[in-house]
Amino acid sequence: MKLSELASTLGLAYQGPDKEIRGVATLEEAGPEDISFLANPKYAGMLQSTRAGAVILAERFGEQTTTALVSENPYLDFARAVQLFAKPQGSFNGHSQQAWIHPEAEVADDAVVYPFVSVGAGARVGSGTTLFSGVYVGEDCQLGPNCVIYPNVTLMAGTQLGQGVILHAGVVLGSDGFGFAEAAAGREKFPQVGRVVVGDNVEIGANTCVDRAALGETRIGSGSKIDNLVQLGHNVQVGENCILVSQVGIAGSTKLGRNVIIAGQVGVAGHLEIGEGCRVGAKSGVGRSLPPGTDVSGIPAMDHATFLKSSAVQGRLPEMARTVRRLEKEVEALKAALASQGETNV
């Protein structure tokens, strides 16, 4: 499209000559028909060498290039530009005859059902939703409109999705929670009879697993974004607009408030409450509830500022240990010297 069209679509002012834009790329790789972006000031020097036809950037960098779209949030506006040029995955339309849809299921006429999809009894698939090959939709599942369910996703019975949900390849929603009761002969399975409920516009990354509730619901609030390889235990409650980065594990019955951010490889114990707006640093271990607005890091999780101070000292611990041992020896020597001189109060 023309640069002027792109500017109008994004609601941005542009400077320089109008031209044809055919794609998107990084500053380093862009060609004359690509649009790129500058979000991090440390890459501003690349504006002199880039071959990009145009750059989305902040106003303060506008004088460093001839053709640009001026934005208050270049990263966000570039993401929107990418959406305009991105080629959607898949090219199939309609309901494949190689899919199995139970007679008691309801699948919207304009939903896309690829070959080798299975839709169980009582399931409902909303308008505009796409089910890629290998998707399993269990009994009584409800999928809202405009969802995208990528290959080999498993939705066990009773799972509910709102509108605009994106589930990447290999996601499992509604597998049994890890619940067992002690018995004389060992551990006896506690039946997991609840369900998973996912709000609107949630995106869940590849191979993430969300357990069904033992009783009641495991819930993911609207607008939340979950990365690859995340594990949510039974009856976990995730608030709206949360971010869970890869390899997070949250044990059963823990509740997250709105706008919580949990970085990669964090482990959160069960039956806790993580308050609204909390942020948890990567590889932390959270073993206690956190009040709203708390920032923590480390194992065990502590105030983030304290963690940074502790981390700064950690590399000096061997030296400090040697110093303490030396001082202990000096103190003992002084005590001995004073005792030899008849000093008794040492």
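The values are calculated or read from the model by the stated rules, or taken from the named source; none is laboratory data. Here the structure is a predicted model, which is why all the values come from computation and not from measurement. In this analysis, Cβ positions are derived from the backbone assuming ideal geometry, glycine residues included, and neighbour counts consider all displayed protein chains.
Things worth noting here:
- If you check 59, 63, 104, 72 for being within 19 Å of residue 13 (Cα to Cα) and at pLDDT 95 or above, only one passes: 72.
Residues checked against (1) free of Cβ contacts under 8 Å to residues at least 40 places away in the same chain; (2) at positive phi:
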| site | (1), (2) |
| --- | --- |
| 225 | yes, no |
| 246 | no, no |
| 256 | yes, no |
| 268 | yes, no |
| 273 | yes, no |
| 277 | yes, yes |
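- Among the residues making up the range 19-56, those that are closer than 19 Å to residue 8 by Cβ and of a type in the set (Lys, Arg) are 19, 22.
- Across the range 115-159, the qualifying residues are those that are β-branched (Val, Ile, Thr) and assigned to a loop (DSSP other than H, G, I, E, B), and the one among them that is farthest from residue 97 (Cα to Cα) is 159.
- Of all residues in the range 28-77, those that are of a type in the set (S, T, N, Q) and surrounded by 15 or more Cβ atoms within 10 Å (Cβ to Cβ) total 6.
- When residues of the range 279-329 are limited to those that are of a type in the set (S, T, N, Q) and modelled with pLDDT under 95, the one farthest from residue 259 (Cα to Cα): 323
Okay, residues lined up against (1) in contact (Cβ under 8 Å) with a residue 24 or more places away in the chain; (2) more than 16 Å from residue 93 (Cα to Cα):
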position: 118; (1), (2): no, yes
position: 132; (1), (2): yes, no
position: 142; (1), (2): no, yes
position: 149; (1), (2): no, no
position: 177; (1), (2): yes, yes
position: 181; (1), (2): no, yes
position: 186; (1), (2): no, yes
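- For the range 50-85, filtered to residues that are free of Cβ contacts under 8 Å to residues at least 12 places away in the same chain and not charged (D, E, K, R), the residue that is farthest from residue 22 (Cα to Cα) is 73.
- Answer from 105, 86, 111 - the residue that is among the aliphatic types (A, V, I, L, M) and exposed (fewer than 12 other Cβ atoms within 10 Å of the Cβ): 86
- Candidates are the residues of the range 273-289 that are under 20 Å from the mean Cα position of the chain (by Cα) and not small (Gly, Ala, Ser); the one that is surrounded by the fewest Cβ atoms within 10 Å (Cβ to Cβ) is 283.
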